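Written out below as structure tokens is the structure these notes cover.
The values are calculated or read from the model by the stated rules, or taken from the named source; none is laboratory data. As the structure is a prediction and not an experimental result, all values here were calculated from the model. When we count neighbours, we look across all protein chains shown, and the Cβ atoms used for this are built from the backbone with ideal geometry, even at glycine.
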Amino acid sequence: MTETIAGEIAAPRTAKDHARSMLKHAVLIAVSLLMIYPLLWMIVSSLRPTEVIFRTPGLWLNELYVENYSEGWFALSQAFDWYLVNSAIVVTGAIIGNLISCSLAAYAFARLRFRLRGLWFAIMLMSIMLPIHVIVVPQYIMFNAFDMVNTFLPLVLPKFVATDAFFVFLMVQFIRGVPRELDEAATIDGAGHLRIFGQVLIPLMIPALATTAIFTFIWNWSDFFTPLIYLTSPDMYTVPVALRSFLDATSGSNWGAMFAMSIVSLVPMFLAFLFGQKFLVKGIATTGGK
């Protein structure tokens, strides 16, 4: 009887099942191609002369025009690697700030007991729904009063005070899934809060920390609005603002060079996602399951 049940469970797939599976994969492939088409078009356009880009919108290349990359690299007031370094400085500071401040705030919300903890946690969660456009004016006035405009400080300093509530919430959920018995055992051994945080929780929080680092990298590397407000000197531009400099409303825009440098700017994000994908998926999956 057991063999009969097993045979029924492992029954061969019918032609209808195969047809349904092929149709599902065909639809998925078609949707994937539709979603990736803009990226493919930008790659192809970066290998075409500017005057040809919008006259031939397809993906077929008649000739390779690689000069766009050399022209775009030296088209602005500084070589493009200058702007890559600027973005790297901002992103590195943002990652360090978020990892330190958000993890400390998450530990406080998840493990410490203090007055109005629930209220402050609720206010922190509500700040996620607050658009940046609401606070950009008072922030600009404040940083301008401290003479920090046209520096990287307005882009980095807020990260050191746990302003990204999403990452605080992510780490709080992760820490709540760690058994409190580990904290109690460390307390019996004479450990204080900093030692518990640094030696017990931090090693267990690697997936959540990696998720925070990857998302911070992607969001700040591609951020255009905030650097546009605070960085006024062309030598201080980050990559997104520098790419905007290729467009000129009063004269011809160098679309080919802009597309070429856009491809260059996408490489760090692609590598970050490629090498951090394992930690990203693990961090989101384990946090969401708590």
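Between Arg244, Arg195, which is farther than 27 Å from Glu71 by Cα, more than 19 Å from the chain's Cα centre (by Cα) and basic (Lys, Arg)? Walk me through how you get there before you give the answer.
Numbers: Arg244 fails: farther than 27 Å from Glu71 by Cα.
Only one candidate qualifies: Arg195.
Taking the criterion of being more than 23 Å from Asp235 (Cβ to Cβ), charged (D, E, K, R), over 20 Å from the mean Cα position of the chain (by Cα) and surrounded by 14 or more Cβ atoms within 10 Å (Cβ to Cβ), would at least one residue in the range 159-178 satisfy it?
yes
Would the range 174-181 turn up any residue that is closer than 19 Å to Cys102 by Cβ, assigned to a loop (DSSP other than H, G, I, E, B), in contact (Cβ under 8 Å) with a residue 12 or more places away in the chain and assigned by TED's automatic domain parsing to the domain that holds Ile100? Let's see the steps before the verdict.
Initially, the range 174-181 is screened for residues closer than 19 Å to Cys102 by Cβ, giving 174-178.
Narrowing further to those that are assigned to a loop (DSSP other than H, G, I, E, B): 177-178.
Imposing the further condition that a residue be in contact (Cβ under 8 Å) with a residue 12 or more places away in the chain reduces the set to 177-178.
Okay, now just the ones that are also assigned by TED's automatic domain parsing to the domain that holds Ile100, so 177-178.
Yes, there is a match, as at least one residue in the range 174-181 is closer than 19 Å to Cys102 by Cβ, assigned to a loop (DSSP other than H, G, I, E, B), in contact (Cβ under 8 Å) with a residue 12 or more places away in the chain and assigned by TED's automatic domain parsing to the domain that holds Ile100.
Go through the range 142-162 residue by residue and tally those that are in contact (Cβ under 8 Å) with a residue 40 or more places away in the chain, in a loop (DSSP other than H, G, I, E, B) and not hydrophobic (A, V, I, L, M, F, W, C).
2
Can you pull out the residues in the range 56-94 that are in a helix (DSSP H, G or I) and either among the small types (Gly, Ala, Ser) or crowded, with 20+ Cβ neighbours inside 10 Å (or both)? Give the steps one after another, and end with the answer.
As a first pass, look at the range 56-94 and keep what is in a helix (DSSP H, G or I): 67-73, 80-94.
Once the filter is applied, which keeps residues that are in a helix (DSSP H, G or I) and either among the small types (Gly, Ala, Ser) or crowded, with 20+ Cβ neighbours inside 10 Å (or both), the range 56-94 yields Asn68, Ser70, Gly72, Phe80, Tyr83, Asn86, Ser87, Ala88, Val90, Val91, Gly93, Ala94.
Any chance the range 186-208 includes a residue that's over 23 Å from Leu112 (Cα atoms) and either surrounded by fewer than 15 Cβ atoms within 10 Å (Cβ to Cβ) or at pLDDT below 95 (or both)? Spell out how you get there, then give the answer.
Applying the first criterion (over 23 Å from Leu112 (Cα atoms)) to the range 186-208 yields none.
Looking for residues that are over 23 Å from Leu112 (Cα atoms) and either surrounded by fewer than 15 Cβ atoms within 10 Å (Cβ to Cβ) or at pLDDT below 95 (or both), one finds none in the range 186-208, hence no.
Does Asp235 fit the bill of being on the phi < 0 side of the Ramachandran plot, assigned to a loop (DSSP other than H, G, I, E, B) and either under 25 Å from the mean Cα position of the chain (by Cα) or of a type in the set (D, E, K, R) (or both)?
Judged against the criteria, Asp235 is not a match.
Taking the range 110-120 as the region of interest, how many residues are touching a residue at least 24 places away in the same chain (Cβ under 8 Å) and surrounded by 10 or more Cβ atoms within 10 Å (Cβ to Cβ)? Lay out the reasoning, then the answer.
The first filter runs over the range 110-120 and keeps only residues touching a residue at least 24 places away in the same chain (Cβ under 8 Å), leaving 110-112.
Still in the running and surrounded by 10 or more Cβ atoms within 10 Å (Cβ to Cβ): 110-111.
Total meeting the criteria: 2.
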